[in-house]
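Please treat every number below as a calculation from the coordinates, not as lab data. The shown structure was predicted, so the numbers you read here are calculated from the model rather than taken from an experiment. Every residue, glycine among them, receives a Cβ derived from its backbone with ideal geometry; neighbour counts consider all protein chains shown.
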């Protein structure tokens, strides 16, 4: 791997089009390494995905091996739906008892 170090703007434009080429230049007395281009980062992500993903043939083989070892897959039961509950009894106001006629006459 090589790093391209140049101050020539035309050469920098050409280098940016080439995926995987790091570009180094000096800006305000400090060396600056450019971030990877979109093309470079896209190719790197693609390689990374391919490295840990299974191919179609591997997936098929794995599925066959799984059915051979564990047996056929049984259908899952649907989950029970949660019932709607009433209001929280601790947050509800208690009902007032209505006074009967006898109690009203005693209070007077």
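Summary table below
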| item | result |
| --- | --- |
| Packing-based ranking, highest mean first, of 48-58, 18-28 given that Cβ atoms within 10 Å are counted | 18-28, 48-58 |
| Approximate spin-label separation residue 30-residue 93, in nm, with each point projected 7 Å along Cα-to-Cβ | 6.6 |
| Relative contact order (%) - criterion: Cα under 8 Å, at least six apart; region: the stretch 4-68 | 22 |
| FRET efficiency, 1/(1 + (r/R0)^6) with R0 25 Å, evaluated for residue 52 and residue 5 via beta carbons | 0.15 |
| The chain: angle of helix 38-52 to the longest principal axis, Cα-based, in degrees nearest 10 | 70 |
| FRET efficiency for residue 14 and residue 45, using Cβ-Cβ distance with R0 set to 30 Å, rounded to 0.05 | 0.80 |
| With Cα atoms, 0 to 90° folded angle of helix 56-70 axis to the chain main axis | 40 |
| Where labels lie 7 Å past Cα in the beta-carbon direction, separation of residue 77 and residue 60 in nm | 3.6 |
| Rg over Rh, two decimals, the chain (C-alpha only, Kirkwood Rh) | 1.60 |
